[in-house]
1. Can you pull out the residues in region 97-117 that are under 14 Å from Leu46 (Cβ atoms) and either of a type outside the set (A, V, I, L, M, F, W, C) or modelled with pLDDT under 95 (or both)?
2. Being exposed (fewer than 14 other Cβ atoms within 10 Å of the Cβ), in contact with a strand residue (DSSP E or B) (Cβ under 8 Å, 6 or more places away or on another chain), in a helix (DSSP H, G or I) and not hydroxyl-bearing (Ser, Thr, Tyr) is the requirement here; does Glu104 meet it?
3. So the check is Cβ under 6 Å with 6+ separation or different chains; which pairs have a first residue in region 51-69 that's within 22 Å of Lys88 (Cβ to Cβ) and touching a residue at least 60 places away in the same chain (Cβ under 8 Å) and a second one that's surrounded by 14 or more Cβ atoms within 10 Å (Cβ to Cβ) and among the acidic types (Asp, Glu)?
4. If you go through region 12-24 one residue at a time, how many are over 15 Å from Trp57 (Cβ atoms), surrounded by 12 or more Cβ atoms within 10 Å (Cβ to Cβ) and out of contact with any Leu (no Cβ under 9 Å at 6 or more places or on another chain)?
5. Among residues belonging to region 25-40 that are under 15 Å from Val15 (Cβ atoms) and of a type in the set (A, V, I, L, M, F, W, C), point out the one that is surrounded by the most Cβ atoms within 10 Å (Cβ to Cβ).
6. Out of the residues in region 41-57 that are more than 17 Å from Arg68 (Cβ to Cβ) and of a type in the set (A, V, I, L, M), which is surrounded by the fewest Cβ atoms within 10 Å (Cβ to Cβ)?
7. Would you point out which residue out of Leu46, Leu35, Leu31 is over 28 Å from Glu85 (Cβ atoms), modelled with pLDDT of 95 or more and out of contact with any Pro (no Cβ under 6 Å at 6 or more places or on another chain)?
Amino acid sequence: MPSQPEPKPIVIIKVGGYIEFATSDELDVILQRTLKSNLYNIVIDLRDVTYISSRGWSIFLSRIKEIRDNGGDLKLANMSPEVFEVYKILEFFWFLKEYQSVAEAVADFDRDVPPMP
């Protein structure tokens, strides 16, 4: 009987406040460290985020290619209505998946695993 593929770890990064020019570097450093640790399944918990500037959004977009090239994904969870409105206006849904909760985002990683032959 073939063995099941080993599940890949999922990293949950909780962010709060404003993600803008002054604070986005900290988020970028956290993402860099995560990727250097070969962890490519990432959920960004935005529950406590009230604003994301263009610089903040660019952090997510600048990392998505590397993440997906390594078989992972970056998923956004718990967006406030204000943050979600900007996400929709900028049409980031074409690049980044969003979820109502961290649990939904994590569960979606399980669906991304190919079925056993």
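1. Passing the criteria: Lys97, Glu98, Tyr99, Gln100, Ser101, Glu104.
2. No; evaluated as a whole, the condition is false for this residue.
3. Correct list of pairs: empty, since none qualify.
4. 1
5. Leu31
6. Val49
7. None of the others qualify; the one that does is Leu35.
The values are calculated or read from the model by the stated rules, or taken from the named source; none is laboratory data. These numbers were taken from a predicted model, which means no experiment stands behind them. Cβ: placed from backbone, ideal geometry, glycine included. Neighbour counts: every protein chain shown.
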